[in-house]
Amino acid sequence: NVSAKKPAVQVLPDRTVYNLDKDIQSSTSSLSDVLRNLPSVDVDIEGNLTLRGDTNVTVLIDGKKSPLLSGNLADALQRIPASAVERIEVITNPPAEFRAEGSAGVINIVLKKHMELAASGSVRVNVGNEGRLNGSAWGNFTLGKVRLSASYSERKDGNKSNSSSTRSDGTIASFSYDSAMKMAYSTRLAMLFANYQADEANTFMLSGMYNRFGMHLDMAQRISLLAAETDSDSLMRSQQESANVSLFYTHAFATKGEQFSLDLSRSTSWGRNSFDLTHFNAADAADYWQSQHATTRENHIELKADYTLPIGERDTVKTGYALQNEHNLSNNHGLLRDSTTADWITDSANTDLFAFDRTIHAGYVSYEQKFGKFGVVAGLRVEHDIVSTDLKTTGEVHDTTTTGLYPSLHLSYAITDTHQVKLSYTRRMNRPGSYALNPARHSSNAFNVWGGNADLKPEQTDSFETSYHYIGEKTDFVATGYYRATYKGIINVYRYLSNTVLLSTWDNLARRMASGVEANLNTTLFEGLSLRTSGTLAYNEFNPGALGPGRKQSGLGWNLKGGINWQATPDDLVQFNAGCTGKQFFEQGYTKPTLNGDFGFKHKFGSQLAGVLSINNLFDSASRDSVLNSTGLHQTSHFSMPGRIFYVGLVYTFGGFKDTEDTQQ
């Protein structure tokens with residue numbers, strides 16, 4: 001038996017791995033809160049995820065698309081408990097075996113499976129201010145050749161927020177609003193894993209997962225339109241459920257390193273949403289009531305087959321095939337209440353039925369060779385995408401088929417045992433999702449409309465990256481330079497439909513360019529005290545082209561992050577994280593600087609019991625200010641969530657499981 005502690009950060013040839021086993025925030029917070037502290041990754045106050053400033057990121061769970069991420073990604077990341085996550089892999093230039101989607105790269109979330117040999121388990125309970133509560137439990141045991149692991153978690157959370165916005169057409173302020181919101185939500189997650197070691201060559205794993213999410217949102221709003229004021233109250237309720245089952249099989253051949261694996265998964269998610277809005281108009285205008293109801297259902301099937309063949313001691317060939325099928329159906333029904341008769345009538349502007357179907361066939365081959373201090377990994381991936389959309393309400397049907405080639409090349413050179421340099425190139429892409437392809441338009445008031453664009457095409461990105469890596473006994477330092485050129489970039493754009501109504505939709509940008517330098521440092525200052533810092537300086541340029549919205553935008557952006565881990569005593573661990581982000585440019589404007597921080601403390605009362613304390617939004621600075629600034633449109637928006645978030649909790653382990661370190665056998 002060999003016991004070893006996993007390092008908090010591992011820099012591998014094709015990815016950076018962040019292990020969460022000693023992260024105090026992962027014990028109490030959501031996945032979104034943990035991602036916010038990682039280098040290269042940013043999560044704003046509303047949960048929107050970016051990788052090096054790019055929103056087109058592919059997020060996977062255990063290397064696959066997951067129903068846990070169905071619907072709005074920002075909401076999904078905020079409802080997944082971080083305590084269910086073992087590690088996070090950030091892959092900015094993925095090799096050929098990864099799907100080509102995600103022009104900025106891939107973030108792979110690896111869930112805990114707890115396949116220990118001995119029966120063991122853990123229970124966590126955390127209580128927070130303002131009625132927050134979360135807890136989780138897991139256990140595992142062995143039946144002959146079968147290892148079983150099960151986990152269950154629940155989370156009740158919420159927040160209060162304020163927002164405001166002022167809009168003008170370049171001459172006068174035509175629209176402004178102020179709102180106060182209160183949101184409460186709950187999530188439930190259950191997982192089961194079964195591992196069967198048939199013999200030395202054949203292994204099977206069967207997993208099942210169920211997730212339920214419920215949300216309740218109250219909002220009071222005041223709208224001013226050309227000096228006329230309107231008050232409104234709205235209530236939104238949402239419930240999302242999903243289930244997944246996966247079968248994974250591996251066969252190890254007699255030749256060392258030769259392996260075949262097969263991964264088959266099926267997932268279904270379904271949801272119900274309702275939105276009720278009451279407008280209180282001025283005395284000379286009648287009040288009116290609006291109600292919207294929506295049901296969604298998503299089915300996803302994925303099949304992956306991979307084969308690895310070593311050739312001699314230095315060469316390896318990998319090849320594989322992947323099939324993905326996604327079918328979505330969304331049904332929206334809007335109602336308006338007549339102010340004189342009090343009868344409800346159909347609101348045709350918010351009623352539609354939309355069907356979406358996508359099938360992707362993909363194949364790849366990669367070749368890896370090591371000779372002396374040099375290493376080469378070259379790969380090619382082919383993806384054939386078949387998409388069908390049908391807005392059944394109007395009979396608008398679109399069918400598209402595209403085939404793309406996505407080469408990749410990774411070069412490495414070990415100057416010494418502690419100094420390495422790498423150079424890589426990949427071609428990536430980003431496909432529009434069902435929400436962006438649905439041409440139906442919706443509105444929650446008379447001044448804002450949003451809808452998709454059925455003519456959207458996939459964007460293409462050429463990504464180049466070079467890095468220097470120093471590996472010392474107490475210090476790990478990585479400096480990276482990158483350049484990305486994106487063509488037909490998919491962006492969220494804003495256009496006036498009239499002098500008072502603003503449309504939010506999607507379009508293909510002519511060209512987007514991003515370049516920058518990034519540095520990450522992890523070092524042990526002295527026994528028990530470690531420091532991690534990271535910083536990025538990036539230049540972004542957005543060129544909409546002659547027919548695009550707005551005007552050319554460009555500028556420098558930056559961010560700095562840092563954290564301290566202090567093992568004050570063998571029983572006491574202190575953690576502090578802070579980050580600040582400078583002015584960030586996007587297609588039609590920019591966001592203003594932000595500041596965030598959190599604090600964590602863990603005390604062991606013995607070998608089995610520990611207590612935790614965590615504080616999120618440490619500086620009470622959670623806010624987002626953005627400016628839309630394009631031809632004929634100027635809008636400033638403010639969104640904030642005041643108040644710090646406190647959690648105190650207990651962690652109890654049994655059966656010999658070590659909560660603060662990982663034991664490898």
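The values are calculated or read from the model by the stated rules, or taken from the named source; none is laboratory data. As the structure is a computational prediction, the values presented were derived from the model and not from experiment. When we count neighbours, we look across all protein chains shown, and the Cβ atoms used for this are built from the backbone with ideal geometry, even at glycine. Keep in mind that these areas ignore ligands, DNA and RNA; they rest on the heavy atoms of the full protein, side chains included. Shrake-Rupley method; radii C 1.70, N 1.55, O 1.52, S 1.80 Å.
Of (1) more than 23 Å from Leu20 (Cα to Cα); (2) open to solvent by less than 20 Å² (accessible area, probe 1.4 Å), Gly600 satisfies all except one. Which?
Going through the list (1) more than 23 Å from Leu20 (Cα to Cα); (2) open to solvent by less than 20 Å² (accessible area, probe 1.4 Å), Gly600 breaks only (1).
Those residues that are of a type in the set (Phe, Trp, Tyr) and under 21 Å from the mean Cα position of the chain (by Cα), I need them from segment 553-589; list them, please.
Of everything in segment 553-589, those that are of a type in the set (Phe, Trp, Tyr) and under 21 Å from the mean Cα position of the chain (by Cα) turn out to be Trp558, Phe585, Phe586.
Of Arg495, Arg511, which residue is open to solvent by 70 Å² or more (accessible area, probe 1.4 Å), assigned to a strand (DSSP E or B) and closer than 26 Å to Tyr177 by Cα?
Result of the check over Arg495, Arg511: Arg495.
So is Ala322 at pLDDT 95 or above and open to solvent by less than 50 Å² (accessible area, probe 1.4 Å) or not?
yes
So, in segment 384-400, of the ones that are part of a strand (DSSP E or B) and hydroxyl-bearing (Ser, Thr, Tyr), which residue ends up least open to solvent (accessible area, probe 1.4 Å)?
Of segment 384-400, the ones part of a strand (DSSP E or B) are 384-391, 396-400.
Then drop every residue that is not hydroxyl-bearing (Ser, Thr, Tyr), which leaves 388-389, 400.
Details: Ser388: 44, Thr389: 7, Thr400: 72 Å².
Within segment 384-400, the match that is least open to solvent (accessible area, probe 1.4 Å) is Thr389.
Here is a check on your reading of the model: is Ser151 in contact with a helix residue (DSSP H, G or I) (Cβ under 6 Å, 6 or more places away or on another chain) and of a type outside the set (D, E, K, R)?
no
Do we find a residue being part of a strand (DSSP E or B), charged (D, E, K, R) and within 20 Å of Arg237 (Cα to Cα) anywhere in segment 342-350?
No, segment 342-350 contains no residue that is part of a strand (DSSP E or B), charged (D, E, K, R) and within 20 Å of Arg237 (Cα to Cα).
Can you pull out every residue in segment 479-520 that is within 24 Å of the chain's Cα centre (by Cα) and under 30 Å from Gln575 (Cα atoms)?
Of everything in segment 479-520, those that are within 24 Å of the chain's Cα centre (by Cα) and under 30 Å from Gln575 (Cα atoms) turn out to be Thr480, Gly481, Gly516, Val517, Glu518, Ala519, Asn520.
Scan Thr418, Thr403 and give me the residue that is surrounded by fewer than 20 Cβ atoms within 10 Å (Cβ to Cβ), over 30 Å from Gln221 (Cβ atoms) and either among the small types (Gly, Ala, Ser) or free of Cβ contacts under 8 Å to residues at least 40 places away in the same chain (or both).
Just one listed residue meets the conditions, Thr403.
Suppose we keep only residues that are among the aromatic types (Phe, Trp, Tyr) and within 19 Å of Leu189 (Cβ to Cβ) within segment 135-158. Which one would you say is modelled with the lowest pLDDT? Please lay out each step first, then the result.
Pass one, segment 135-158, residues among the aromatic types (Phe, Trp, Tyr): 138, 141, 152.
The next check asks that each one be within 19 Å of Leu189 (Cβ to Cβ); those that pass are 138, 152.
Values: Trp138: 89, Tyr152: 94.
Checking each candidate, the answer is Trp138.
Determine, yes or no, whether Thr500 is touching a residue at least 40 places away in the same chain (Cβ under 8 Å), within 30 Å of Val627 (Cα to Cα) and surrounded by fewer than 16 Cβ atoms within 10 Å (Cβ to Cβ). Walk me through how you get there before you give the answer.
Numbers: touching a residue at least 40 places away in the same chain (Cβ under 8 Å): yes; within 30 Å of Val627 (Cα to Cα): yes; surrounded by fewer than 16 Cβ atoms within 10 Å (Cβ to Cβ): yes.
Judged against the criteria, Thr500 is a match.
When only residues in segment 135-163 that are more than 26 Å from the chain's Cα centre (by Cα) and among the charged types (D, E, K, R) count, which is surrounded by the fewest Cβ atoms within 10 Å (Cβ to Cβ)?
Filtering segment 135-163 for residues that are more than 26 Å from the chain's Cα centre (by Cα) and among the charged types (D, E, K, R), the one surrounded by the fewest Cβ atoms within 10 Å (Cβ to Cβ) comes out as Lys145.
Pairs please, first residue from segment 526-542 and in contact (Cβ under 8 Å) with a residue 12 or more places away in the chain and at negative phi, second anywhere and among the aliphatic types (A, V, I, L, M) and outside any strand (DSSP E or B), Cβ atoms under 8 Å, 6+ apart in sequence or on different chains.
Ser530/Ala8; Arg532/Ala8
Could you look through segment 91-134, keep only residues that are among the hydroxyl-bearing types (Ser, Thr, Tyr) and within 24 Å of the chain's Cα centre (by Cα), and pick out the one that is modelled with the lowest pLDDT? Step through it out loud before you land on a result.
The first filter runs over segment 91-134 and keeps only residues among the hydroxyl-bearing types (Ser, Thr, Tyr), leaving 92, 103, 120, 122.
From what's left, within 24 Å of the chain's Cα centre (by Cα): 92, 103.
Values: Thr92: 91, Ser103: 84.
Checked segment 91-134; the qualifying residue modelled with the lowest pLDDT is Ser103.
Which members of segment 106-134 meet the condition of being under 19 Å from Gln25 (Cα atoms), in contact with a Lys or Arg (Cβ under 9 Å, 6 or more places away or on another chain) and surrounded by fewer than 18 Cβ atoms within 10 Å (Cβ to Cβ)?
Listed by number, the residues that qualify are Val110, Asn129, Glu130, Gly131, Leu133.
Identify the single condition in (1) within 16 Å of Leu537 (Cα to Cα); (2) open to solvent by 50 Å² or more (accessible area, probe 1.4 Å) that Cys580 does not satisfy, given that it satisfies every other one.
Of everything listed in (1) within 16 Å of Leu537 (Cα to Cα); (2) open to solvent by 50 Å² or more (accessible area, probe 1.4 Å), Cys580 misses just condition (2).
One residue is enough: does segment 92-105 have a residue meeting the conditions part of a strand (DSSP E or B) and surrounded by fewer than 21 Cβ atoms within 10 Å (Cβ to Cβ)?
no
Does Tyr435 satisfy being of a type in the set (Phe, Trp, Tyr) and at pLDDT 95 or above?
So Tyr435 fails the test.
Is it fair to say Gly589 is closer than 17 Å to Thr50 by Cβ and in contact (Cβ under 8 Å) with a residue 12 or more places away in the chain?
On the way: closer than 17 Å to Thr50 by Cβ: yes; in contact (Cβ under 8 Å) with a residue 12 or more places away in the chain: yes.
The answer is yes for Gly589.
What residue, of Gly334, Gly312, is at pLDDT below 95, among the small types (Gly, Ala, Ser) and within 30 Å of Ser242 (Cβ to Cβ)?
Just one listed residue meets the conditions, Gly334.
Any idea how many residues of segment 430-482 are part of a helix (DSSP H, G or I), hydroxyl-bearing (Ser, Thr, Tyr) and surrounded by 18 or more Cβ atoms within 10 Å (Cβ to Cβ)?
Residues meeting the conditions: 1.
Residues that are surrounded by fewer than 23 Cβ atoms within 10 Å (Cβ to Cβ) and under 26 Å from Glu541 (Cβ atoms): does segment 59-71 have at least one?
yes
So, in segment 185-214, of the ones that are open to solvent by 50 Å² or more (accessible area, probe 1.4 Å) and part of a strand (DSSP E or B), which residue ends up farthest from Gly271 (Cα to Cα)?
Gln197
Does Arg427 satisfy the criteria of being in a strand (DSSP E or B), open to solvent by less than 50 Å² (accessible area, probe 1.4 Å) and either in contact with a helix residue (DSSP H, G or I) (Cβ under 7 Å, 6 or more places away or on another chain) or not aliphatic (A, V, I, L, M) (or both)?
The answer is no for Arg427.
Touching a strand residue (DSSP E or B) at 6+ places or on another chain (Cβ under 9 Å) and in contact (Cβ under 8 Å) with a residue 60 or more places away in the chain: which single residue out of Ala220, Ala201, Ala252, Ala243 fits that description? Before you say what the answer is, go through the steps one by one.
On the way: Ala220 fails: in contact (Cβ under 8 Å) with a residue 60 or more places away in the chain; Ala201 fails: in contact (Cβ under 8 Å) with a residue 60 or more places away in the chain; Ala252 fails: in contact (Cβ under 8 Å) with a residue 60 or more places away in the chain.
Going through Ala220, Ala201, Ala252, Ala243 in turn, the sole match is Ala243.
So which of Thr255, Thr166, Thr250 ends up being modelled with pLDDT of 90 or more, surrounded by 15 or more Cβ atoms within 10 Å (Cβ to Cβ) and among the hydroxyl-bearing types (Ser, Thr, Tyr)?
Values: Thr255 fails: surrounded by 15 or more Cβ atoms within 10 Å (Cβ to Cβ); Thr166 fails: modelled with pLDDT of 90 or more.
Answer to the selection: Thr250.
Sort through Thr505, Thr486 and tell me the only one that's among the hydroxyl-bearing types (Ser, Thr, Tyr) and either surrounded by fewer than 17 Cβ atoms within 10 Å (Cβ to Cβ) or under 27 Å from Ser40 (Cα atoms) (or both).
The unique qualifying residue is Thr486.
Taking the residues in segment 548-577 that are part of a loop (DSSP other than H, G, I, E, B) and open to solvent by 50 Å² or more (accessible area, probe 1.4 Å) as candidates, determine which candidate is modelled with the lowest pLDDT.
Among those residues, the one meeting the criterion is Arg551.
Consider Arg272 against the criteria (1) open to solvent by 50 Å² or more (accessible area, probe 1.4 Å); (2) under 27 Å from Asn430 (Cβ atoms); (3) within 24 Å of the chain's Cα centre (by Cα): it satisfies all of them except one. Which criterion is unmet?
Failed condition: (2).
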